[in-house]
Amino acid sequence: MKLVPVQPGYLSIAGAAQYASVSKKTIKRWITGGLTVHQGTMRGKVLIRPTDIDAYLTKRQAPKLDLDALVNDVLADLNRGKAA
């Protein structure tokens, strides 16, 4: 299925859901959670830019853990405990 923007650079809720491979209900939850939207018509039709979806998802990503540093910290703490 081809993605058809409502206006150049903007997607409807259904188009945004297709773009992000999620349901329309998920897009509505994201909007409640802070996804930037634009009012497209006087009747309140919501338009969403794909770049806003990308930015929202990037912001929500969990930070990457440095597992090596975490293991080294735990080992150092254990070694300190044995030395005491």
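Read-outs: derived from the displayed coordinates by stated rules, not from any lab. All values derive from a computational prediction rather than experimental measurement. Glycine gets a Cβ as well: all are built from the backbone with ideal geometry, and neighbour counts include every protein chain shown.
At a glance:
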| item | result |
| --- | --- |
| Whole-number percent relative contact order across the chain, with pairs defined as alpha carbons under 8 Å at least 6 apart | 24 |
| Where trypsin sites (Lys or Arg not before Pro) in DSSP loops with at most 15 other Cβ within 10 Å are excluded, longest remaining stretch of the chain | 3-42 |
| The chain: calculated mean residue ellipticity at 222 nm from DSSP helix runs of at least 4, using -39500 (n - 2.57) | -16500 deg cm²/dmol |
| Separation of the ALA69 and SER23 label points, Cα + 7 Å toward Cβ, nm | 3.9 |
| Of [x] 1.82; [y] 1.05; [z] 2.13, the label for Cα Rg over 2.2 N^0.38 Å derived from the coordinates | [x] |
| Sorted by Cβ density within 10 Å, fewest first, the residues SER21, SER12 | SER21, SER12 |
